[in-house]
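Below is one structure; the comments refer to it alone.
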Amino acid sequence: MAATPPRVLTIAGSDSGGGAGIQADLRTLFACGVHGMTAITAVTVQNSLGVTGYTEIPPDVVAAQIEAVASDIGVNAAKTGMLASAAIIEAVAAAVDRVDVGPFVVDPVAASMHGHQLLADDALDAVRTLLFPRATLVTPNLDEVRLITGIEVRSRADQRKAAEALHAMGPRWVLVKGGHLWDDPECLDVLYDGAEFIELVGPRYDVKHTHGSGDTLASAIASQLARGADVPSAVRFGKDFIVRSVAAAYPLGAGVGPVSPLWRLEG
Ligand SMILES: Nc1ncnc2c1ncn2[C@@H]1O[C@H](COP(=O)(O)OP(=O)(O)OP(=O)(O)O)[C@@H](O)[C@H]1O
Ligand SMILES: Cc1ncc(CO)c(N)n1
């Protein structure tokens, strides 16, 4: 019998195309050698061309999934993805107050990469006031930064300004991802704890297939937090992991294919 691996809970939506959401999270957690568990918040109808609809899971069922795994299996770290509505965010915040989920990574997913909305407009305030103060780390992309802070990031200096504004909302650490800073020849993610900026620089690959990159990064980070790593070490691991996963991305369907953690399982 093998030892029980670290356990990570993802609180997120299902992507029927298998590229992002819960499916990307479980794939990444598996490749990172931890046990993945799920609290599903919504079921999206999605393929490589985009999202054509979704249905939300009742908030009490989302909370019950979190409590069921925490009370029996135990959670060494948790991450959130698509949360869909203010009511689901309220249920998640209340649940993580009731049970111990360990370090809590909040990826404030607002839209799919095709621009389809995955979070109700009136849920932004709940993200700011209920999720961020509970977060060990928040990992917004630049569109989410604009929605949450009103700051339009156009440069690396703007990324730092945005990190300060986000940190003032209460998370312990902020990671402002620079994937959408299209003019930057590199992909720079800025990590901030209220005192020090840490720059994580990676190559920018000229690939179309980057579906699920945010989910893969946040799950890889959570896998290391579950092993007891500190946040800068976990984020450095995550950055290396996503760079290799973008390099291993593959085409799928007629649209955008997923990044892939399969490189970690090969040879
Ligand atoms: N073309 C690329 N080449 C290398 N790294 C990339 C590329 N695009 C994004 N990344 C990296 O992937 C991670 C996710 O970044 P991004 O800003 O794209 O997040 P996201 O928009 O939340 O992702 P998603 O595509 O899942 O919505 C970051 O570490 C970013 O630097
Ligand atoms: C379910 C789901 N979560 C997250 C994203 C963002 O990548 C997506 N496209 N779909």
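Overview of results
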{"read-out": "Per-pair calculated FRET efficiency, R0 = 45 Å: TRP263 and LEU147 via Cβ, rounded to 0.05", "value": "0.90"}
{"read-out": "Once exposed loop chymotrypsin sites (Phe, Trp or Tyr not before Pro) are cut out (DSSP; at most 14 other Cβ, 10 Å), longest piece of the chain", "value": "1-181"}
{"read-out": "Size of the chain as Cα extents on the principal axes (Å, biggest first)", "value": "47, 44, 38"}
{"read-out": "Between the range 59-129 and the range 1-42, the alpha-carbon center distance in angstrom", "value": "14 Å"}
{"read-out": "Radius of gyration and maximum dimension Dmax of the range 120-205, Cα, Å", "value": "12.4, 36"}
{"read-out": "Antiparallel content of DSSP bridges confined to the chain, in %, to 5", "value": "45 percent"}
{"read-out": "Inter-label distance for ASP240 and HIS116, nm, one decimal - labels placed 7 Å from Cα along Cα-to-Cβ", "value": "3.6 nm"}
{"read-out": "Cα pair distances of the range 115-169 binned at 10 Å [whole percent]", "value": "22, 57, 21"}
{"read-out": "ASP97/THR55 FRET efficiency (R0 25 Å; Cβ-Cβ; nearest 0.05)", "value": "0.40"}
{"read-out": "Most positive-pole-ward Cα, VAL101, MET113, ALA162, against dipole of the range 55-207 from beta carbon charges", "value": "ALA162"}
{"read-out": "Longest DSSP-loop-exposure-free segment, trypsin sites (Lys or Arg not before Pro), the chain, at most 13 other Cβ within 10 Å", "value": "1-153"}
{"read-out": "Debye, to nearest 20: dipole size of the range 169-259, +1 on Lys, Arg Cβ, -1 on Asp, Glu Cβ", "value": "340 debye"}
{"read-out": "Cα pair count fraction exceeding 17 Å, expressed as % - the range 87-133", "value": "36 percent"}
{"read-out": "Distance cut-off 20 Å, percentage of C-alpha pairs in the range 119-267 lying past it", "value": "49 percent"}
{"read-out": "GluC sites (Glu not before Pro) within the range 111-182: DSSP coil, no more than 11 neighbouring Cβ in 10 Å", "value": "GLU152"}
{"read-out": "The range 90-117 residues near the modelled ASP125 label - backbone nitrogen below 12 Å, point 7 Å along Cα→Cβ", "value": "none"}
{"read-out": "Which of GLY19, VAL174, LEU142, positive extreme of dipole for the chain (C-beta unit charges)", "value": "GLY19"}
{"read-out": "ALA168/GLU199 FRET efficiency (R0 22 Å; Cβ-Cβ; nearest 0.05)", "value": "0.60"}
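Laboratory data are not the source of any read-out in this text; all were calculated from the coordinates shown. The structure presented is a predicted model; accordingly, all values stated were derived computationally and were not measured. Methodologically, a virtual Cβ is constructed for each residue, glycine included, from the backbone with ideal geometry; neighbour enumeration extends over all protein chains shown.
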